[in-house]
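The values are calculated or read from the model by the stated rules, or taken from the named source; none is laboratory data. Keep in mind the model is a prediction, meaning the values are calculated, not measured. Counting neighbours? That spans all protein chains shown, and the Cβs are built from the backbone with ideal geometry, glycine included.
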Amino acid sequence: MQRPTPITTEIASRRRLFSTDHKVVGLQYFFLSLAAVLVGMMLSLLMRIHIIWPKATIPLLGEIKPENYLAYLTMHGTLMIFFVLSTAPQNGFGNYFLPLQLGASEMAFPRLNMAGFWITLLSFLVLLAAFFVPGGASLAGWTQYSPLSAIASAGPGQGLGTDLWLLSIALFCLASILSAINFITTTLKLRGRGMTLMRMPLTCWTWFVTAILTLLAFSVLLSAAIMLLLDRNAGTSFFVPSGLVVSGSPVEHAGGSPLLWQHLFWFFGHPEVYIAILPGMGMTSHLLSVFSRKPVFGYKAMVGATIAIGVLGFSVWGHHMFVSGMNPYAGFAFSTLTTAIAVPSAIKTFNWLGTLWGGHFRFTVPFLFSIGFVSLFISGGLTGPMLAQPALDIYLHDTYFVVAHFHLIMAMAGVFAIFAATYFWFPKMFGRAMNHRLGVLHFWFTLLGAYSTFMPMHLLGIAGNPRRYSELTGAQYVAALAPLHKFITLAAIITIGAQFLFLANFFWSMFKGAPAGENPWQCTTLEWRLSSPPQHGFGNNLPVVHHGPYEYGSAEWNGTAAQEDFLMQDAPANP
Amino acid sequence: MINRSPDHPTIRSSDSSLLIFLSLLLITIVTVYLFAVHPWWFPAGVSSSSAGIDHQFVAALRVLGALFIAGQFLLGLVLLRSPSRKNRSSRGSWPLEITWTVLIACIFFWFNLAGNRLWSEIKLHLPEEDALQVEVTGTQFQWYFRYPGNDGKFGHTNPQRFARPEEGNPLGIDPDDPDGKDDIVSTSLVLPAGQDVDLILRANDVIHGLFIPAMRFKQDTVPGMTTHAHFKPLQAGSYEIACSQLCGLGHYRMRALIQVLTTIEFKQWLNSRHASGS
């Protein structure tokens, strides 16, 4: 499908800030995520410090109180899950590279795209504003279980702070839905000539499936957030039952169900973790092939596994609710379906190892982070089948075992994929390469730091330490775990410190890095056809695709001896 | 060790395969050591469901631990292998793919079946005939345990009308209901060893989670819902109860004690509570 491209590029060059250019929008999302991850990371530092030194005085903030800790925890989770893991891989890199990799000149709906970003930015500001209102930010966690989230007197932060949280999330949902429609339409309608679905890079496949999940899951969360806002402000009772007494006062609600919120929330919340990790899986598959100089092992199986994860992802939400009071018979279904979703994940891992098998490796920084992704995915993934068992969840649910599990598989693996993608596409986005030595150092500190921080948390969980405890002074058996908590805090401080290596490298390389050239990594996909950074997209010279995305390593192409060990997707069919 | 490709000055790579292999080995060894020596671990299990849960956990740890070791080791190993000309054009193999899928599905589902059997043993049986009924109420940030007294009946409650924590009626037991006259309300859970206990779980404000690690017991208490869950403490002693569901700023200190007594001691405790007049 041809589009009148010169008009959009002209607009893009005229107006940089309020741009509908997908590359500008992608970078805007990326920098928004960078801001969010810095705030979220600093909050985690404050939490780790408070756990082991509850009386410590923090410069500018003073002493952290239990309610402050819970506000940090809520904001940390919200920022990281929504504004980092759901934003950078999908809306950041996806917006920038989906059209380029598909051979399209723009996203299908450029203005919708721009609107999506500005609504997300507004949502971010509304969220942060909660820190500055009376009572502070919400303390109910990113899951916002009702009635704690529904009743203003249930704690500091449950007043205006929680309304702002809900408003922010509703805006975020709206923006995500707009963006998802754009991704789906672009993938289905704007692929370049010859770019069949089965010639798409796996990055595009995962962006596409993630967009479908986003459309379905965020619509549900949007409705749920509006319902909870109505409960709080308009006298409805979707999620609040009758007869409650909160802070000594009777609550004027009747007929609602706290479990209804959990069902709606997790119907969104579980697909959400796949929204966060699927693009990372796509990037890892892509980069392992590029830097092994080998085709992806089992491309079709990878596509199938991606779709299977997307479909099954909608039928496992009840595994968050085994001890919630849900009918125990439902436990069988959710347990079995959750076990089923481990199978496509295992297929992916198998194919990553298969891709690496016998490769001609180039140990670049993005490759190192992709290897780290696979390692963390294995470590964090294997506790999944354990937590899928309702009988074991009786003990492990809501302990640090779960915190360890999702931080390894979703947070750390997700962040490793974001780092890999940043180091990989930085030359294309800014025309310069990032520093190799600093990148390698950053990788080693982050890999060992991530393991040192999150692996010991399994033992905290096995010892019965519940999550979301601001201090260790309650139960005696929790107090006995202080030495392990001290070690984890130390590891977290070192890991967080190491992230400044990345920041320094990033901003230094933006201005002083070595010029990258068109295709520094010798890749096959279409974005590497363009100048770095791409000035005008493909313009009117839309590429025609003749080959699959992973033509690496062969000595000959179409019977002709090869000069290079890779074949661009738009290389002539018969040279 | 750093080589620069002459045509592409920005590609820099140092051969880190050995370093990665050794790091993955180190991570694996330290992890296995942590789980094998486990300086921090489950408290001793003292309920009828402890043995089953512990056994299932250790079985899971063995199977998944083996997959963890194999996964990390293989990842390190494929990076160490010398480049191969033969495998370089490999685009996958359906026989291998299907074999692996069937194999891993068998492992996971075998394991899932064992877990489901255990879940049905714990959850799908009614409490024993002679089970002791205790009502548990979670409030911010205090647990209350109510015993029905000699009449075996709980008095009607209405927290909105009658709850007066400062007057000794935190649960709002209706003062006009004769069934409630002899109800005993305690802030610790006192139980006889060897007798099934049928807990009736409620909450008056927000959701809490009754977590008794030594009993391998956890169940949320949800406002507006009455949930039943039962277990049998086997061994006399004093154990801790924690709150496992985020309930507000005092979540971390919402602690209580569970005291398991011999049957005779328990009867004496009940009588002493009756004598003190509730």
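Right, A:Gln499: closer than 30 Å to A:Pro295 by Cα, surrounded by fewer than 20 Cβ atoms within 10 Å (Cβ to Cβ), in contact with a His (Cβ under 8 Å, 6 or more places away or on another chain) and not hydroxyl-bearing (Ser, Thr, Tyr) or not? Explain how you work it out, then say what you get.
Numbers: closer than 30 Å to A:Pro295 by Cα: no; surrounded by fewer than 20 Cβ atoms within 10 Å (Cβ to Cβ): yes; in contact with a His (Cβ under 8 Å, 6 or more places away or on another chain): yes; not hydroxyl-bearing (Ser, Thr, Tyr): yes.
Against the criterion (closer than 30 Å to A:Pro295 by Cα, surrounded by fewer than 20 Cβ atoms within 10 Å (Cβ to Cβ), in contact with a His (Cβ under 8 Å, 6 or more places away or on another chain) and not hydroxyl-bearing (Ser, Thr, Tyr)), A:Gln499 does not qualify.
Out of B:Ile122, B:Ile53, B:Ile104, one residue alone is within 7 Å of chain A (Cβ to nearest Cβ), buried (at least 17 other Cβ atoms within 10 Å of the Cβ), in contact with a Lys or Arg (Cβ under 6 Å, 6 or more places away or on another chain) and in a helix (DSSP H, G or I). It is B:Ile53.
So which of A:Ser345, A:Ser370 ends up being closer than 16 Å to A:Ala413 by Cβ, small (Gly, Ala, Ser), touching a residue at least 60 places away in the same chain (Cβ under 8 Å) and more than 9 Å from chain B (Cβ to nearest Cβ)? First the steps, then the outcome.
On the way: A:Ser345 fails: touching a residue at least 60 places away in the same chain (Cβ under 8 Å).
None of the other options fit; the residue is A:Ser370.
Against the condition modelled with pLDDT of 95 or more and either part of a loop (DSSP other than H, G, I, E, B) or surrounded by 18 or more Cβ atoms within 10 Å (Cβ to Cβ) (or both), how does A:Pro99 come out, does it pass?
On the way: modelled with pLDDT of 95 or more: yes; either part of a loop (DSSP other than H, G, I, E, B) or surrounded by 18 or more Cβ atoms within 10 Å (Cβ to Cβ) (or both): yes.
It is true that A:Pro99 is modelled with pLDDT of 95 or more and either part of a loop (DSSP other than H, G, I, E, B) or surrounded by 18 or more Cβ atoms within 10 Å (Cβ to Cβ) (or both).
Of all the residues that make up the stretch A:467-508, how many are at the interface with chain B (Cβ under 10 Å from one of its Cβ atoms) and either within 23 Å of A:Tyr423 (Cα to Cα) or among the hydrophobic types (A, V, I, L, M, F, W, C) (or both)? If you could, list the steps in order and put the result at the bottom.
To start, the set of residues in the stretch A:467-508 that are at the interface with chain B (Cβ under 10 Å from one of its Cβ atoms) comprises A:467-478, A:480-481, A:483-484.
Filter once more, so that each one left must be either within 23 Å of A:Tyr423 (Cα to Cα) or among the hydrophobic types (A, V, I, L, M, F, W, C) (or both): A:472, A:475, A:478, A:480-481, A:484.
Total meeting the criteria: 6.
Restricting the search to the stretch A:385-399, which residues are facing chain B (nearest Cβ under 9 Å) and either in contact (Cβ under 8 Å) with a residue 40 or more places away in the chain or small (Gly, Ala, Ser) (or both)? Matches in the stretch A:385-399: A:Pro385, A:Ala388, A:Gln389, A:Pro390, A:Ala391, A:Asp393, A:Ile394, A:Tyr395, A:Leu396, A:His397, A:Asp398, A:Thr399. The condition (being crowded, with 24+ Cβ neighbours inside 10 Å and on the phi > 0 side of the Ramachandran plot) is satisfied by just one residue among A:Gly280, A:Gly298: A:Gly298. The test for being more than 24 Å from A:Trp142 (Cβ to Cβ), buried (at least 23 other Cβ atoms within 10 Å of the Cβ) and more than 7 Å from every other protein chain (Cβ to nearest Cβ) does not hold for A:Ser375.
Within the stretch A:292-332, being of a type in the set (Ser, Thr, Tyr) and part of a helix (DSSP H, G or I) holds for A:Ser292, A:Tyr299, A:Thr306, A:Ser315, A:Tyr329.
The condition (being within 11 Å of chain A (Cβ to nearest Cβ), more than 30 Å from A:Gly155 (Cβ to Cβ), buried (at least 16 other Cβ atoms within 10 Å of the Cβ) and not hydrophobic (A, V, I, L, M, F, W, C)) is satisfied by just one residue among B:Gly149, B:Gly115: B:Gly115. Scanning the stretch B:223-240 for residues that are at the interface with chain A (Cβ under 8 Å from one of its Cβ atoms) and either under 18 Å from the mean Cα position of the chain (by Cα) or exposed (fewer than 15 other Cβ atoms within 10 Å of the Cβ) (or both) yields B:Thr227, B:Glu240.
Within the stretch A:390-479, which helices (runs of 4 or more DSSP H) (wholly inside it) include 2 or more residues that are of a type in the set (Lys, Arg) and surrounded by 23 or more Cβ atoms within 10 Å (Cβ to Cβ)?
Values: elements: A:390-396, A:400-406, A:413-430, A:436-462, A:476-479.
No helices (runs of 4 or more DSSP H) qualify here.
With the structure loaded, tell me whether B:Gln235 is in contact with an Asp or Glu (Cβ under 7 Å, 6 or more places away or on another chain) and assigned to a loop (DSSP other than H, G, I, E, B) or whether it fails that test. Step through it out loud before you land on a result.
Values: in contact with an Asp or Glu (Cβ under 7 Å, 6 or more places away or on another chain): no; assigned to a loop (DSSP other than H, G, I, E, B): yes.
In short, no.
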